[in-house]
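I'd like to ask you about the structure that follows.
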Amino acid sequence: MHLTVEEQKMLDGSYGKTVQKCMKVLVALGDIYGAEHMIEVKNVHAPGVSYRVTGNAGLNYVKEASEDAIFRVPMTLNTIGIDYENWEKMGFPKEFAHKQIELVEAYKKMGAITTNTCTPYLTGNVPMMGEHVAWGESSAIVFVNSVIGARTNREGGPTALAAAVTGRVPAYGYHLDENRKGTHLFRVEKELKTDKDFAVLGYFIGQIVGPGVPVIDGISERPTLENFKALGAALASSGAVALYHVVGFTPEASTKEVVIGNDIEPIVFGQAEYDKICAKFSENGPIDFVVIGCPHVSINEMRDIANLVRGKQLKSALWVCTSRQVKDLAERMGYTTTIEEAGGEIVCDTCPVLCFTLERGYKTVATNSGKMAHYAPGLWNLQPTILNVDDCIQAALDGKWEVK
């Protein structure tokens, strides 16, 4: 691999042991993937900042790095394992919470921006199209690659930290034009209206393509930001998708020919395919727990939830997961008060996928998230049902769900 003079100085230890260690990690990664040089990145979004994921080994690694290194480029933090301000009230164990806080403080010491969210693009980290970044968190990676059109590989905690310390990543994978073309073509033959619809589409596609690059044709109306968020999170959960194209709507897919050509036979997604995925995540009976915000909700979603519960009382537990930045805005608008008066909880900084598993006796969960539905059985031993937001709230109000 060819290194610049500055990169060679990093590798030789001129900037300290942590910078040297980080550059060694990146050079080794580049050698594995055949990269010829490094690329400068403009920002980083760090995964692996939940103590549930890192454990003591990760905590000690970051603490050691913080002793002699600071980040060269801005780094935002992904969701952590607790609600940073309300962990005690919510019942998170004291020892776990203190370890989590220690981990966040070590990142902060190096210059991390403590957004603690899986939707950094809703809190100010918005790269430009074509810009090279180093992002972790599966739903954020697929969003920044696909909807924004910036360029990142799937970074883990150590490589994201190395990228922030050095401002570099190896030039391979989705940083290169040739690897951003489609590998599978899908034709949508069903009208998609809700976030649930897009989550179901994403779940269907992810199961087929794995780590491929799906191209989605046949969507007639422009999806909302929230639709794209739901689609990408499901794609990255049932598969390992880091980039997708929606013909006519995502920035690199002006036409089908541009991203995949005309020689691939499309896989159809219609009513039958939709119903099959829904049947996998559809249960009659009591609903103990409702989760909206995996990935974290936007201010638009917060408004919609508040309107649905205003003046009513929930029978099921409701978590609305979001960033603290969005919560602050929602508080100004009166949305959080409305949701809390109905019996819901606004949960910041974390989500059920990455937080300490609280034992509350729940057995079932309703969610609008394909990602949450995918992970709920294994992480929380919950039987999931995927619904649109309106139906999620209705299930929480009734304490049950009857399949329509």
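Since every read-out is calculated from the coordinates, none of them should be taken as a lab result. Here the structure is a predicted model, which means the values were calculated and not measured. Glycine gets a Cβ as well: all are built from the backbone with ideal geometry, and neighbour counts include every protein chain shown.
Residues with beta-carbon under 14 Å from that of LYS363, excluding LYS363: net charge, scoring Lys, Arg +1 and Asp, Glu -1? Write down the numbers at each step before the final one.
Numbers: positive: ARG360, LYS400; negative: GLU283, ASP288, GLU359.
My count for the surroundings of LYS363 gives -1.
Do any trypsin sites (Lys or Arg not before Pro) in the range 29-74 lie in a DSSP loop with no more than 12 other beta carbon atoms within 10 Å, and if so, which? Show your work: numbers first, answer last.
On the way: sites: LYS42, ARG52, LYS63, ARG72; in loops: LYS42, ARG72.
Counting only loop positions with at most 12 other Cβ atoms within 10 Å, none of the trypsin sites (Lys or Arg not before Pro) in the range 29-74 qualifies.
Can you tell me how much longer the chain between LYS312 and ASP398 gets when fully stretched, taken as 0.36 nm per residue apart minus their C-alpha distance, in nm with one decimal?
Details: separation 86, 0.36 × 86 = 30.96 nm, distance 1.07 nm.
Roughly 29.9 nm would be gained on extension.
Compute a Gaussian network model of the chain, connecting alpha carbons closer than 10 Å, and tell me which residue from GLY167, GLY81, GLY13 fluctuates the most.
Largest GNM mean-square fluctuation: GLY13.
Let me ask you something else. So if I average 1/r over every pair of distinct C-alpha atoms in the range 5-177 and take the inverse, what Kirkwood radius in Å does that give? Intermediate results must be reported in sequence, preceding the final value.
Details: mean 1/r = 0.0616 Å⁻¹.
Across the range 5-177, the inverse of the average 1/r is 16.2 Å.
How long are the semi-axes of the ellipsoid equivalent to the range 234-289, from square roots of 5 times the Cα gyration tensor eigenvalues, in whole Å, largest first?
Numbers: eigenvalues 199, 44, 20 Å².
Values for the range 234-289, descending: 32, 15, 10 Å.
What does the charge add up to near HIS132, with Lys and Arg as +1, Asp and Glu as -1, over the other residues with Cβ less than 13 Å from its Cβ? It would help to have the intermediate numbers written out before the result.
On the way: positive: LYS42, ARG151, ARG168, ARG180; negative: GLU40, GLU131, GLU155, ASP177.
With Lys, Arg at +1 and Asp, Glu at -1, the neighbours total 0.
Another one. Percent antiparallel among DSSP beta bridges with both residues in the chain, to the nearest 5? Could the numbers behind the result be given before it?
Values: 5 of 37 bridges.
Counting only bridges with both partners in the chain, antiparallel ones make up about 15 percent.
GNM on the chain, C-alpha springs below 10 Å: top fluctuator among GLY16, GLY48, GLY173?
Evaluated over the chain, the most mobile residue of the options is GLY16.
Any idea how far the Cα center of the range 1-24 sits from the one of the range 232-246, in Å?
Here the two parts' Cα centres lie 34 Å apart.
List residues of the range 166-194, by number, whose backbone nitrogen lies under 13 Å from a label position 7 Å along Cα→C-beta of GLU265.
Within reach of a label on GLU265: 185.
Right, something else. Where the only charges are on Cβ atoms (+1 Lys, Arg; -1 Asp, Glu), what is the dipole of the chain about its Cα centre, to the nearest 20 debye? Provide the component values of the computation, followed by the final result.
Details: 39 positive and 48 negative charges, 93 e Å.
It comes to approximately 440 debye.
Tell me the net charge near ASN60. Cut-off is 12 Å between Cβ atoms, ASN60 excluded, with +1 for each Lys or Arg and -1 for each Asp or Glu. Walk me through the numbers before you get to the answer.
Details: positive: LYS63, LYS99; negative: GLU64, GLU67, GLU102.
Cβ neighbours under 12 Å give a net charge of -1.
Which Cα, out of PHE204, GLY270, VAL297, lies furthest along the positive dipole direction of the range 182-303 (beta carbon charges, K/R +1, D/E -1)?
VAL297
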